[in-house]
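Engineer: First, the structure itself, so that you have it in front of you.
The values are calculated or read from the model by the stated rules, or taken from the named source; none is laboratory data. Note that this is a predicted model, so its numbers are computed, not measured. Reconstructed Cβ throughout: ideal geometry from the backbone, glycine too, with neighbour counts over all protein chains shown. Accessible surface is based on the protein model in full, side chains and every heavy atom, while ligands, DNA and RNA are left aside. Shrake-Rupley method; radii C 1.70, N 1.55, O 1.52, S 1.80 Å.
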Amino acid sequence: MNKIGTTVVLIGAEALSRRHPGEHPDNFGAGAMALPETAEGAAAVISWCADAGVPVVPQGGRTGLVGGSVSKPGEIILSSERLTQIELIDPVARIAVVQSGVTLQRLQEAAAPYGLAPGIDLAARGSATIGGMVSTNAGGILAFRNGVMRHQVLGIEAVLPDGRIFSDLTRVVKASAGPDMKQLLVGAEGAYGFVTRVVVKLETLSTARATALLAVPNAVAALTVVGHLQGVAAVTLEGAELMWRQYFLDSARVHDFDMQWLEGEIESILLVEISGESVERATAELERALEAVWEEAGLTGGIVAQSLDQARKFWSLREESEFIYRLHPNAPSFDVSIPPGAVDGYVATLRQRLASVGSGLDAYVYGHIADGNLHLSVIGDGADAAGNRAAVEDAVYTGITDLGGSFSAEHGVGTEKRDAYHLHGNPERRAVAQAIKAALDPKMIFNPGKVPF
């Protein structure tokens, strides 16, 4: 068995064959994977790599969609696969201390008996790791209310590129004690170090839910519903997801979803979920709220889930988006943030710009409407053609910065958005990131070819 110190190292395709490469086929390109069980074990591997000049590619659950964990021969993968201890759930302080390889779902399950939950949720909860979510500054369903992963992190332990262990496992919210250096590791996509432990804030778990699908004419109408629900004192808004027409219709068809409750043509479907003191109270409050806002929002149809199973079917329409790539295997996909009030205008001009790139080009549009995070998959003949890629990207990204949005919302930059990082990212921010990289990783061995470059 190959080892660096006490850490097992798997070498060769056969040794890695029992593991799934995840969302990108090149994640296992290095052909070598180190599996530390402690920060000290990771430090030994990193120190050896620094001395030998071997590049290090950190990996978590390999759920990233932009190639942030791809590796190649001559590099070594540093995996959090064996860093899976939930060390502490403190129901009084409402925090958890976990190793970085713990999945979001495992943390949710561990916190639930205490009536608590992480203040973040996303569709890949079963495989996304806490360390990976830190490294990509994950967003998800609750970002409109609780913020993104950065806002859930109180403390971090990580191994820096020279092998030093950085430990700031603060367990309190208020810690104004100089620059908050741990925040450099959040959203850095493995450029500045390998996260080994995290202190995560926990929120009250609300299990009594009411869920509805609503036919809305546009994003402004959806936001009217969202705003009204946020103003209902007896309930808490737990989710607000908007699916534009083509995405919803194709998802419903693939999932064999009954649409008899809809009358006539639809423009978009809003999925909302609220929580209350009981299912009955939440359902009554939801129905009352929808009746009050129906005409103002221009709703043309709606259905309230009558069971937990039906609510899960509603959510599957939004979260199980793999059908896109079965219907359009090479559809270029994007993840952007638009100020919510500007979403309708952006989507309308996006369709116009795509049509100018090629007749028949269009996009599936869906996402977290309450915070303006849209997921886009460009479809139609030639959408994935090499000659059209730059024009498609330009169509998607044009105007976002001027609106005050971001070309990358929650998926990160990785290798897929390298061009966008230079063309649409902030140059001053990029220069500062590069200076920090040079200071922390002068040999440039951590996640080479990714941000910052």
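Engineer: Over the chain, what is the mean sequence separation of C-alpha contacts under 8 Å (at least six apart), divided by residue count, expressed as relative contact order in percent?
Structural biologist: 16 percent
Engineer: Over 26 Å between Cα atoms, which of 201/450; 3/437; 313/417; 3/72; 201/313 qualify?
Structural biologist: Those over the limit are 201/450; 3/437; 313/417; 201/313.
Engineer: Moving on. Got a sec to turn the phi values of segment 434-443 into Karplus ³J(HN,Hα) couplings, 6.51 cos²θ - 1.76 cosθ + 1.60 with θ = phi - 60°, whole Hz, x for Gly and Pro?
Structural biologist: Result, rounded to whole Hz: 5, 5, 5, 4, 5, 6, 8, 9, x, 7.
Engineer: Could I ask something else about it? Given contacts defined as C-alpha pairs under 8 Å and at least six residues apart, what's the relative contact order of segment 198-343, whole-number percent?
Structural biologist: It rounds to 38 percent for segment 198-343.
Engineer: Then there's this: For segment 400-414 and segment 418-440, what is the separation of their C-alpha centers, rounded to whole Å?
Structural biologist: The two parts, judged by their Cα centres, are 14 Å apart.
Engineer: Could you work out what % of the accessible surface of segment 291-406 is carbon and sulfur, using a 1.4 angstrom probe and leaving DNA, RNA and ligands out of the count?
Structural biologist: Percent of accessible area from carbon and sulfur atoms in segment 291-406: 50.
Engineer: For segment 168-236, which trypsin sites (Lys or Arg not before Pro) are in a loop by DSSP, counting at most 10 other Cβ atoms within 10 Å?
Structural biologist: Of the trypsin sites (Lys or Arg not before Pro), the ones in loops of segment 168-236 whose Cβ has at most 10 other Cβ atoms within 10 Å are 174.
Engineer: Here is a further query. Where a ≥ b ≥ c are the square roots of the eigenvalues of the C-alpha gyration tensor, would you call segment 1-152 rounded, which needs a/c under 1.5, or, failing that, prolate if a/b is larger than b/c, or oblate?
Structural biologist: Prolate.
Engineer: Between residue 112 and residue 453, what's the calculated FRET efficiency when r is the beta-carbon distance and R0 is 45 Å? Round to 0.05.
Structural biologist: Here the calculated transfer efficiency is 0.65.
Engineer: Shifting gears a bit: Which semi-axes, in whole Å and largest first, does the equivalent ellipsoid of segment 280-325 have when worked out from the alpha carbon gyration tensor as the square roots of 5 times its eigenvalues?
Structural biologist: 25, 16, 7
Engineer: Once every DSSP H run of n ≥ 4 in the chain is given -39500 (n - 2.57) and the sum is divided by its residues, what mean residue ellipticity at 222 nm do you get, rounded to the nearest 500 deg cm²/dmol?
Structural biologist: -9000 deg cm²/dmol
Engineer: Taking a probe of 1.4 Å, how large is the accessible area per residue of the chain, in Å²?
Structural biologist: Ligands and nucleic acids excluded, the result is 43 Å² per residue.
Engineer: Would you mind counting up the charge near residue 300? Only other residues with Cβ under 12 Å from its Cβ, with Lys and Arg at +1 and Asp and Glu at -1.
Structural biologist: Result for the local shell: -4.
Engineer: Moving to a separate point now. Using protein chains only and a probe of 1.4 angstrom, how many square angstrom of residue 244 are accessible, to the nearest 10?
Structural biologist: Using a 1.4 Å probe on the heavy atoms, I get roughly 20 Å².
Engineer: Quick check: net charge around residue 24, other residues with Cβ under 11 Å of its Cβ, Lys/Arg +1 and Asp/Glu -1?
Structural biologist: Net charge in that neighbourhood comes out at -2.
Engineer: Next question. Counting other C-beta atoms within 10 Å, and keeping those with at most 16, which DSSP coil trypsin sites (Lys or Arg not before Pro) do you find in segment 368-453?
Structural biologist: 443
Engineer: Given a Förster distance of 22 angstrom, what is the FRET efficiency for residue 151 paired with residue 105, based on the Cβ-Cβ distance and rounded to 0.05?
Structural biologist: With R0 = 22 Å, the Cβ-Cβ based efficiency is 0.65.
Engineer: So what's the net charge close to residue 35: Lys and Arg +1, Asp and Glu -1, counting the other residues with Cβ under 9 Å from its Cβ?
Structural biologist: Here the charged neighbours net out to -1.
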